[in-house]
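See below for the structure under consideration.
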Amino acid sequence: MTTEQSSHKNSFSSEWLWRAVLPIALVVLLLGFAAVDRSVLSPANLLNIAQQTSYLALFAMAQTVVILTRGFDLALGPAVSMVSVGTALAMAGATATGHDPSIVVLAGLGTGFGLGIACGLFNGVVIALLGVSPFVATLGSYNIAIGVATTLSAGRPVQGVPKLFSQLFYGGSIFGIPAAIIITLAIGLALHLMLSRTVFGRSLYIIGTNPRAAAVAGLPVKRILVATYVLCSTLAALGAIMMTARTGSGEPNLGGSLSLQAIAGAVVGGTSLAGGRGGVGTAVLGALFVTILSNGMNLTRIDGYIQMVVLGAIVIIGVLLDRLRLERRR
């Protein structure tokens, strides 16, 4: 065997070892919490983990598409709150004017996705066309979204979500599989095909790997970046709509720490903050890890503030592992 062949084999083995780390960690984490509290492995809790993962996986996938281009969206959490409040207000208003339930639901969906698209368009234009860094741009829209959500709701939950809406996006099921899981699986499959089979999807990897080379190659980098942030916020809006259906009201604090959790899910799964590497599978695995960690800490009654410390540490560890992986490749 030549030196080159040996090097390639070692690189291949190393890559598979990296890929196996997270699935192994998931099993160890689940069994570790189960040793403390047997209810962790109960069918009811496993179904709860699957449903919770379906929401976080959507947000992790949303972050993944922008992280692929060396960006991220700090405003994702507040945007979720804003979409939730706007969706509930639109449906409450349509209900008050005596519209049919189906029209009420359509009004809510139109408002929710409209707000999400507007948020993504704002971020994309500021970042791609005005040249503001993703950190500063999305930090600014973070505060704007919080202000809009709080002002529209007066800081209180917005009631008036119809039963049809909750049934479609939360209570419904197909062959016993909850609606939230089915929606996330469908979106995940569509996003995977987009990233792997379309020019737009492959362009995200090229831009993340080398933005200058992408521009020289003739790719419309600015337009792609704007579209990427719109896609991110649209996915976040869908997640917000699903969570609103679950709570049965528009919540101005629904987003909470979702920005950090979504970034954690993407990074822990293997999406590189350096850009150009990641995908749907990594986002889902990362979201599952974060969900199991959170679920286990809740069941074992670990303080909420300690949980925030652990989540922050997980993000840092994920970034360090990614950096180590990049150095080994070089």
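A few remarks follow.
- Mean-position separation - Cα centroids, region 136-159 and region 215-294, in angstrom: 19 Å
- Compared with the dominant principal axis of the Cα atoms in the chain, helix 3-36 is inclined by about 40°.
- For region 110-203, the gyration tensor built on C-alpha atoms gives an oblate shape. Its axis ratio a/c (a ≥ b ≥ c) is at least 1.5, and a/b is not larger than b/c.
- 222 nm mean residue ellipticity, helices alone, for the chain (DSSP H n ≥ 4; -39,500 (n - 2.57); rounded to 500): -26000 deg cm²/dmol
- Equivalent ellipsoid semi-axes - Cα gyration tensor, region 221-266, angstrom: 24, 13, 8
- Per residue, region 40-256 exposes an accessible area of 43 Å² to a 1.4 Å probe, with every protein chain left in place.
- What a 1.4 Å probe finds exposed on region 40-256 is 70% carbon and sulfur by accessible area, rounded to a whole percent.
- The average projected area of region 20-153, computed from the convex hull of its Cα atoms over all directions, is 11.8 nm².
- Dividing the convex hull volume of the alpha carbon atoms of region 40-256 by its residue count gives 133 Å³ per residue.
The values are calculated or read from the model by the stated rules, or taken from the named source; none is laboratory data. It should be emphasised that the depicted structure is a prediction, and the values quoted were computed from it without experimental measurement. Note: accessible area is taken over every heavy atom of the protein model, side chains too, but ligands, DNA and RNA are not part of it. Shrake-Rupley method; radii C 1.70, N 1.55, O 1.52, S 1.80 Å.
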